[in-house]
Amino acid sequence: MTTPEGLLKAAVRDAARSVLGDDNVWNQPAGQHKVSRGYLHCAPKGAWDLTGIDPRSGRRVEIETKTFERAAKKTPEDEGQRAWGERMRAQGAICMWVVQGKHETLLEVKARVRAELQALTNATHRAHDAPHAEE
């Protein structure tokens with residue numbers, strides 16, 4: 001059975017792919033997970049749910065998703081996720097923290113994410129393409 005968090009992440013991933021392209025956004029599992037022959041080591045704890053590349057600028061894209069119910073509960077992993085976001089921003093990534101509104105449908109979330117991500121990437125391109133002052 002798919003969880004509300006899983007459905008939200010899938011909707012946000014689809015929206016991000018509609019802006020960045022299908023091959024440019026993927027799930028980013030964090031921590032380590034027990035498998036039949038030991039452990040699968042994934043991204044560091046605190047890494048956000050989705051990651052990818054803006055193909056026009058080459059910048060990394062990081063997206064964390066939270067349902068309304070999950071966002072209302074503070075957990076120890078929240079600090080790790082905040083630290084991850086700060087680290088990624090410091091390294092030049094485009095970062096989005098997506099919280100589904102209490103009465104917001106997945107279609108509404110997808111439309112909002114598409115619009116916000118399009119605005120963020122367009123702003124990045126405008127800043128990148130602006131003429132630079134001579135030193």
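Ratio of the chain's C-alpha Rg to 2.2 N^0.38 Å, to two decimals?
Computed over Cα atoms of the chain, the ratio equals 1.14.
When Lys and Arg each count +1 and Asp and Glu each count -1, what net charge do the other residues less than 15 Å away from GLY92, Cβ to Cβ, add up to?
That sum, taken over residues with Cβ under 15 Å, equals +2.
Specify the inter-centroid distance of the range 85-113 and the range 58-79, based on alpha-carbon positions, in whole Å.
8 Å
Between ASN122 and ARG37, what FRET efficiency follows from the Cβ-Cβ distance if R0 is 35 Å, with the result rounded to 0.05?
0.15
Starting from the Cα of LYS73, draw a straight line to each of the lysines and keep only those under 16 Å, dropping any in the same chain fewer than 8 residues away.
LYS102
What distance in nm separates the two pseudo spin-label positions at ARG82 and VAL99, each 7 Å out from Cα along the beta-carbon direction?
If labels sit at ARG82 and VAL99, their model points lie 1.2 nm apart.
Kindly provide the helix-only [θ] at 222 nm of the chain, computed as the sum of -39,500 (n - 2.57) over DSSP H runs of four or more divided by all residues, to the nearest 500 deg cm²/dmol?
-15000 deg cm²/dmol
Among VAL113, VAL61, which comes first, second and so on when ranked by fewest other beta-carbon atoms within 10 Å?
VAL113, VAL61
Read-outs: derived from the displayed coordinates by stated rules, not from any lab. As the structure is a prediction and not an experimental result, all values here were calculated from the model. Virtual Cβ from ideal backbone geometry, glycine too; neighbours counted across all protein chains shown.
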